[in-house]
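Worksheet: one structure, shown below.
All of the numbers you see were taken from the coordinates with simple rules; none came from a lab. None of the values given here were measured: they were computed from a predicted structure. Here the Cβ positions follow ideal geometry from the backbone for every residue, glycine too, while neighbour counts run over all protein chains shown.
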2 protein chains.
Amino acid sequence: MAADETRGRDPQYLLDLLWRTQSPGTRGPRGSLSLDQVVGEAVRIADEEGIAAVSMRRIAQKLGVTTMTLYRYVPSKDDLLDLMFSMATSVPDTSDWPDDWRGVLRNWARGTRQLLLDRPWMLDIPIGAPPMGPNNLAWMEVALAALDRTALNEGDMIGVLLIISGFVLGDTRQELTMTSASARTGVSYEEWGRVYGRMMARVATDERFPTLAKVATSGIFDNENTAEDDFNENLDFLLDSVAALIRRREEERAAG
Amino acid sequence: MAADETRGRDPQYLLDLLWRTQSPGTRGPRGSLSLDQVVGEAVRIADEEGIAAVSMRRIAQKLGVTTMTLYRYVPSKDDLLDLMFSMATSVPDTSDWPDDWRGVLRNWARGTRQLLLDRPWMLDIPIGAPPMGPNNLAWMEVALAALDRTALNEGDMIGVLLIISGFVLGDTRQELTMTSASARTGVSYEEWGRVYGRMMARVATDERFPTLAKVATSGIFDNENTAEDDFNENLDFLLDSVAALIRRREEERAAG
DNA sequence: ACAGAAAGTGTACGCTGTACAGAGTTAGTG
DNA sequence: CACTAACTCTGTACAGCGTACACTTTCTGT
C-alpha cells in the first residue's frame, strides 16, 4: 500500500498500482484512503476545473487529509497524472458498432476522439509509457480483434494501430489547443480557415513563397469546416491506406 | 513597439509581431530592448536548461531589466511561447535533397523531426495557431512545391501536408516524452518493446484480451528498434498512401 | 506487553505569472 | 524654449506550486 522509496524507478511499479497487484503489507495502521479515492478525486477536479487546478494541496484538502498524506499512495505528482490518464479511460461501448474492420476502426477513432473531447485535460498529460491500464487494453483489444480478421500480420496490426491512434491524439490535440487559445488569438477553429487564407494572401506575396501564394488564392481555405469534418476526412484517408495494405497482403497470401 | 492593452485578442497582432509590421509609435523614450532580444534570450534558456527554466524573471534578469519590463515587448508568457516556437524554426536546408516529391517529403519529415529533437522544448509549447512565421512558411513552401508537381489538387496538397506534419509532431512527441519519462519509469525507448511484450504476456492472459495475448506472444515486441527505425517505417507507410492518392488523381485526369 | 512498521502531520524552501501604481524619460507641439 | 502627452521601466504584492525532512500517532504480530 505504501508508495515507498523505490520511487517508481521500476516499470513494474506503475503496473502494480494500475492492476492492484501489490502486497499490502499487514503491519501498522491501515491507510484511511485508497489509491482509487486519490486518483478519483484528482480526476473529478480535472473534469470540473481543468488540469491546472489539480494540485496536491487541493486533492488533499478535498479528501480531508494533509498534503503529504497523498505521498503514501502515489510516488509523485507525475505518477499520479499517469494514473489519472489510465483510469479516466472508460471501457469502449461497442454495442452498436458494425462488424467489418473499417467500421470498427472508424468507431474506434471517433470514440477515442470523443473521450478526449470529454476530458480535454488528458492531452495535457505527458504519456511516458504505452497503454497499460485495464480499460486501455480493452480499447486495444477491440481494434486488434477487428484487424485480426484481415490478412494483416501481427506487425502490420500494431503498426496500423500506432498510426491511427497517433493521428487521433494529434488531431484532437490540435483542435483543443486551437480552441483553448482562441481567447488569446481571437479566432475559433472554424474561423481559422478564412483567417489563415487571408493572412497567407497578405504575407506570401513574396517571391519566396510562390506555391503558398497559389494555394492561398485558390480559395481552398475559404471554408468553415468544423473540426469534426476535418477529422473524418483525414481519418478516411488513413483508412484507405489501411485498405490498400490489406489488399497487398491478400495478394501476397494468394501468390505465396 | 508597445505590447498594449489589446492583449493579442486580434489574430493580426501576433502576425505583426512575427513579421515586424508594427507602427513603432514615435513619442516617448525608445525601448532599450527589442522583441528579438527577448525571444532570443528565452530560446537560449530553453536550449540550455529546458522549457521549465524559462520564466519571466529569469529572462529579465539575463537581459538586465526588471521582470515587468518584458511586458512592454510581449503581451503574455503564452504569446512569448508562441513566438519562441516560430522563431526557433530554422530555414530548411534543401541543398542535398532529391527532386521527386517522395524524396522531398521524406527529407522534409526527417528534417522536421531533427529540428524537434534538437529543441525538445518546442513540443511542450501548445500551438494555438497554424504556422505563420517566415521560416515556418518556408518549410511549408518546400513541401507544397514538391506536391505541386504531381497530379494532386490544392485540397489534396494541404491534406497531405497536415497528415504528414501531424505524424511527425505526434511521433516525435511520443519519443521525447518516453525518453524524458525514463528517469521515472526506468525504461528507455528501445527497451519498451521487450518490456511491454513481457507485461502484456503477464497481464493479458485474461480471456478478455485474446487477440492482445496472441500478439504479445507472437514475439512481435521482441525487438530493440530505435525511435528512428519506427519513425522511418511509419513514414514510409504514409508516403505509400500519398503515392496511392497521386495515382488515383492521375487516373482521374487521364479519364476526365 | 512491546517492538517495529506504517500512516499521517507541520514546516520550510525557492519558485511561478502578472496586476497595479508610480517614477522617470523623451519627442513633438505651440 | 517650455510643456504635455506618450511611452518605458520599476517595486511591491498576491496567491499559489511540488516535495524533502523530521516528527508524532496508531496499529499488528510476536
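Relative to the other identical copies, A:GLU207 shows label-point distances of 7.5 nm, where the label point lies 7 Å from Cα along the Cβ direction and values run shortest first.
Applying 1/(1 + (r/R0)^6) with R0 = 22 Å to the Cβ-Cβ distance of A:ARG110 and A:GLU190 gives a FRET efficiency near 0.70. Note that the stretch B:11-87 carries a Kirkwood radius of 13.0 Å, evaluated over its alpha carbons pair by pair. Sequence-ordered 3J(HN,Hα) estimates for the stretch A:139-155 from the Karplus curve with 6.51, -1.76 and 1.60 and θ = phi - 60° stand at 4, 4, 4, 4, 5, 5, 4, 5, 6, 5, 8, 9, 7, 5, 8, 4, x Hz, glycine and proline given as x. For the segment B:48-54, counting C-beta atoms of other chains within 10 Å of every residue's C-beta and taking the mean gives 0.
As I understand it, the value is the acute angle between the Cα axis of helix B:227-255 and the longest principal axis of the Cα atoms of chain B; what does it come to in degrees, rounded to 10? Once rounded, one gets 90 degrees. Near B:MET84: Cβ cut-off under 12 Å, other residues only, Lys/Arg at +1 and Asp/Glu at -1. The net charge is -4. Full extension of the chain between A:GLU228 and A:ASP96 gives 45.5 nm of extra length, using 0.36 nm per residue less the Cα-Cα distance. A DSSP coil position with no more than 12 other Cβ atoms inside 10 Å describes the following trypsin sites (Lys or Arg not before Pro) in the stretch B:16-73: B:ARG20, B:ARG27, B:ARG30. Considering helices alone, the calculated mean residue ellipticity of chain A at 222 nm is -21000 deg cm²/dmol, with DSSP H runs of length four and up weighted by -39500 (n - 2.57) and normalised per residue. Between the stretch A:128-172 and the stretch B:41-93, the alpha-carbon centres lie 38 Å apart.
Projecting the Cα positions of B:ALA151, A:LEU245, B:ALA42 onto the charge dipole of the protein assembly as shown (unit charges on Cβ atoms of Lys, Arg, Asp and Glu, taken about the Cα centre) puts B:ALA42 furthest along the positive direction.
Give me the angle, in degrees from 0 to 90, between the Cα long axis of helix B:77-87 and the longest principal axis of the Cα atoms of chain B, rounded to the nearest 10. Result, in degrees: 70. Scaled against the 2.2 N^0.38 Å expected of a compact globular protein of N residues, the Cα radius of gyration of the stretch A:96-252 reads 1.25.
Label reach from A:TRP19 (point 7 Å along Cα→C-beta): in the stretch A:61-87, amide nitrogens under 17 Å belong to A:83, A:86-87. Here is the size of the protein assembly as shown from its Cα atoms: Rg then Dmax, 24.6, 81 Å. Residue by residue along A:124-132, Cβ atoms of other protein chains within 10 Å of the local Cβ number 6 on average. The calculated P(r) of the stretch B:159-256, using every Cα pair and 10 Å bins from 0, goes 14, 29, 30, 17, 8, 2 in percent. A simple charge model with +1 on the Cβ of Lys and Arg, -1 on the Cβ of Asp and Glu and nothing else charged puts the dipole of chain A at about 900 debye relative to its Cα centre.
Distances from B:SER32 to itself in the other copies, using label points 7 Å out along the Cα-Cβ axis, amount to 5.4 nm in increasing order.
Simple rule: put +1 on each Lys or Arg Cβ and -1 on each Asp or Glu Cβ in the protein assembly as shown, find the dipole, and look at B:ALA53, A:ALA183, A:GLY111; the Cα lying farthest toward the positive end is B:ALA53.
Legend: mean number of C-beta atoms from other chains within 10 angstrom of residue C-beta atoms, peptide A:162-170, equals 5. In the protein assembly as shown, taking the dipole from charged Cβ atoms about the Cα centre, the farthest positive-side position among B:SER86, A:ALA138, B:GLY28 is held by B:GLY28.
Figure legend: label point modelled 7 angstrom from the Cα of B:ASN153 along Cα→Cβ; residues of the stretch A:214-236 with amide N under 13 Å from it are A:218-221.
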